[in-house]
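Single-structure report; data block below.
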Amino acid sequence: MSTTVYGVLDELREMATSERDKGSMLERLLLQYLRSDPLWSEQFDDVWLWNDWPDRQGRPDTGIDLVAKDALTGGLVAIQSKFYAPGTTVSKPDVDTFLSASGGSAFTRRIIVSTTDKWNSGLLHG
């Protein structure tokens, strides 16, 4: 029997005790995926959860869930994960904090990972 990503996400949804717990589980899953997938692991020298990132300097979580170090440039990549139901739409307010927190000079790239493929048209064309 093969397990699909959808099956894994369903299991995480069932196991979660809260929305925060659900989000934390997705962050840890994403961390392991980015570190072990052949394509992604070649792109990054390292990947950290926000709270484990050595250069966090005590800053609280402000919407950045993971930080990766680009293997080619050495630049830092800010990553946000959104664990939404498949029919939920990601809107601009959902990502504003992430965009603001990752918009400084510390990060050279941003990635948003979402469990839904529905995006507000303002995000796609804005």
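Laboratory data are not the source of any read-out in this text; all were calculated from the coordinates shown. Predicted, not measured: the structure shown is a model, and the values here were computed from it. Neighbour counts run over all protein chains shown; Cβ positions are idealised from the backbone, glycine included.
Can you tell me, using C-alpha contacts under 8 Å and at least 6 residues apart, the relative contact order of the chain as a whole percent?
Details: 165 pairs, mean separation 24.6, N = 126.
Normalised by residue count, the contact order of the chain is 19 percent.
If you work out Cα extents along the principal axes in Å from the coordinates, which of [x] 51, 34, 20; [y] 39, 36, 28; [z] 54, 43, 22 do you get?
Checking each listed value against the structure points to [y].
Quick check for the chain: number of Lys pairs with alpha-carbon distance under 18 Å, counting only pairs 8 or more apart or on different chains? List each step's numbers first, then the result.
Values: Lys22/Lys82; Lys82/Lys92; Lys82/Lys118; Lys92/Lys118.
Step by step, the pairs that qualify in the chain add up to 4.
Which loop-located trypsin sites (Lys or Arg not before Pro) does segment 1-109 contain, where loop means any DSSP state but H, G, I, E or B and the Cβ has at most 16 other Cβ atoms within 10 Å?
Arg56
Please give the contour-minus-distance gain from Lys118 to Arg59: 0.36 nm per residue of separation, less the Cα-Cα distance, rounded to one decimal in nm. Intermediate results must be reported in sequence, preceding the final value.
Details: separation 59, 0.36 × 59 = 21.24 nm, distance 3.09 nm.
Computed gain between Lys118 and Arg59 is 18.1 nm.
Over segment 5-125, what is the percentage of antiparallel beta bridges among all DSSP beta bridges, to the nearest 5?
Values: 9 of 18 bridges.
Counting only bridges with both partners in segment 5-125, antiparallel ones make up about 50 percent.
Estimate the FRET efficiency between Ser36 and Thr4 by the formula 1/(1 + (r/R0)^6), using the beta-carbon distance for r and 22 Å for R0, to the nearest 0.05.
0.80
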